[in-house]
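Engineer: Attaching a single structure in structure tokens format; questions to follow.
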Amino acid sequence: MARTEDPLTFHVIIGGRVQGVGYRDALRLEAERLGVTGWVRNRLDGRVEAVIQGRREALDGLVQWARCGPPAAHVSELQVRDAPAALQRNYTDFTRLPTA
């Protein structure tokens, strides 16, 4: 059973005009501001993918931010789900990964 202080890990997919507008760097900065760890990357299909880990309140804040993103972005799709086992690990910082 998870304790309330145990971090949660979510897998997030963001679609719309989210590449070429600074979305990844802005998401990374917002994650760091909120104390969230994980990673973000562009996908070949034009979407942005992220794994975010932290306290529920911090994750909720980052997801809320991700609904709009930076000023030049236009988010039309936001999927948030529990991260699958393959993405579950202890993240120590928030990194930007290469496109996949």
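The values are calculated or read from the model by the stated rules, or taken from the named source; none is laboratory data. Note that this is a predicted model, so its numbers are computed, not measured. Using ideal geometry, Cβ is built from the backbone for each residue, glycine included, and neighbour counts are taken over all protein chains shown. Calculation scope for accessible area: heavy atoms of the full protein, side chains included, ligands and nucleic acids excluded. Shrake-Rupley method; radii C 1.70, N 1.55, O 1.52, S 1.80 Å.
Engineer: Suppose only helical runs count, i.e. DSSP H with n ≥ 4. What mean residue ellipticity at 222 nm does that imply for the chain under -39500 (n - 2.57) per run, divided by all residues and rounded to the nearest 500 deg cm²/dmol? Before the final figure, lay out each step's value.
Structural biologist: Details: 2 runs with 23 residues, N = 100.
The helix contribution divided over the chain gives -7000 deg cm²/dmol.
Engineer: Additional query: Charges at C-beta only: +1 for Lys and Arg, -1 for Asp and Glu. How large is the resulting dipole of the chain about its Cα centre, in Debye rounded to 20? Mind showing how you got there, number by number?
Structural biologist: Details: 14 positive and 12 negative charges, 39 e Å.
Rounded to the nearest 20 debye, it is 180 debye.
Engineer: Taking all protein chains in place and a 1.4 Å probe, what share, in percent, of the accessible surface of the chain do carbon and sulfur account for? Walk me through the numbers on the way to the answer.
Structural biologist: On the way: 2900 of 5730 Å².
Reported share for carbon and sulfur atoms: 51 percent.
Engineer: Here is a follow-up. Quick check: the angle from helix 56-66's long axis to the longest principal axis of the chain, C-alpha only, nearest 10 degrees?
Structural biologist: That helix lies at roughly 0 degrees to the long axis.
Engineer: What spacing in nm lies between the two simple spin-label points modelled at S76 and R33, each 7 Å away from Cα in the Cβ direction?
Structural biologist: According to this spin-label approximation, the distance is 2.7 nm.
Engineer: May I pose another question? Out of residues 5 or more away from T95 or on other chains, whose amide H comes under 5 Å of its own, with H placed 1.01 Å from N in the peptide plane?
Structural biologist: G38, W39, V40
Engineer: Select from P71, I14, G46 the residue farthest towards the positive end of the dipole of the chain; place +1 on Cβ of Lys and Arg, -1 on Cβ of Asp and Glu, and compute about the Cα centre.
Structural biologist: Positive-most Cα among the choices belongs to G46.
Engineer: Under the Karplus relation 6.51 cos²θ - 1.76 cosθ + 1.60, θ = phi - 60°, what is the ordered set of whole-Hz ³J(HN,Hα) values for region 13-27, x standing for Gly and Pro?
Structural biologist: With coefficients 6.51, -1.76 and 1.60, one gets 10, 10, x, x, 8, 10, 10, x, 10, x, 4, 4, 5, 5, 5 Hz.
Engineer: Now for a different question. Name the longest site-free stretch of the chain, where the excluded sites are trypsin sites (Lys or Arg not before Pro) in a DSSP loop with no more than 13 other beta-carbon atoms within 10 Å. Present the calculation step by step, with values, prior to reporting the outcome.
Structural biologist: Values: sites that count: R3, R67, R89.
So the longest stretch without any such site is 4-66.
Engineer: Same structure, new question: Leaving out ligands and nucleic acids, and using a 1.4 Å probe, what accessible area per residue does the chain come to in Å²?
Structural biologist: Details: 5730 Å² over 100 residues.
Normalised by residue count, the accessible surface of the chain is 57 Å².
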